[in-house]
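Taken together, the values in this text are just the output of simple stated rules run on the coordinates, not laboratory data. Quick caveat: nothing in here was measured; it's all calculated off a predicted structure. Cβ: placed from backbone, ideal geometry, glycine included. Neighbour counts: every protein chain shown.
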Amino acid sequence: MTEAIRIDKWLWAARFFKTRSLATDAVDGGKVKLNGERCKPARNLQIGDLLDIDNGHNTWQVQIAGLSAQRGPAPVARKLYEETEAGLQKRQLDTEQRQLYAEPGADIKGRPTKRDRRQLDRSRD
């Protein structure tokens, strides 16, 4: 364990991103905020810092509990952070919303037939 580590390296080691370059791109793109502010990938993290992470699929709000520069197994990576209560509730709500969302084209199997096309055209007019 070290005293300070780059944010992109920590995000990769904590398994929020599959590669370090994806973590770097996310930090550069403003998808990761350190203590509520944008930062650069080379910014050092310290234990107790608060991160808001949007990895494309989920949004996390975590507090740094440990520092590591090596990517290890998932149970070890899970010990590097503690998810905040507000972040956990928001993530669970987002998951429920995704499950309840009905895809607009889910009823159509494959390419629409002439009959399906006529019904679509009538519904638009």
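The table below lists the values:
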{"item": "Scope the stretch 7-43; condition surrounded by 17 or more Cβ atoms within 10 Å (Cβ to Cβ), of a type in the set (G, A, S) and free of Cβ contacts under 8 Å to residues at least 60 places away in the same chain; matching residues", "result": "A23, A26"}
{"item": "Strands (runs of 3 or more DSSP E) wholly inside the stretch 17-125 containing at least 1 residues that are under 14 Å from the mean Cα position of the chain (by Cα) and farther than 13 Å from I7 by Cα", "result": "50-54, 59-64, 81-83"}
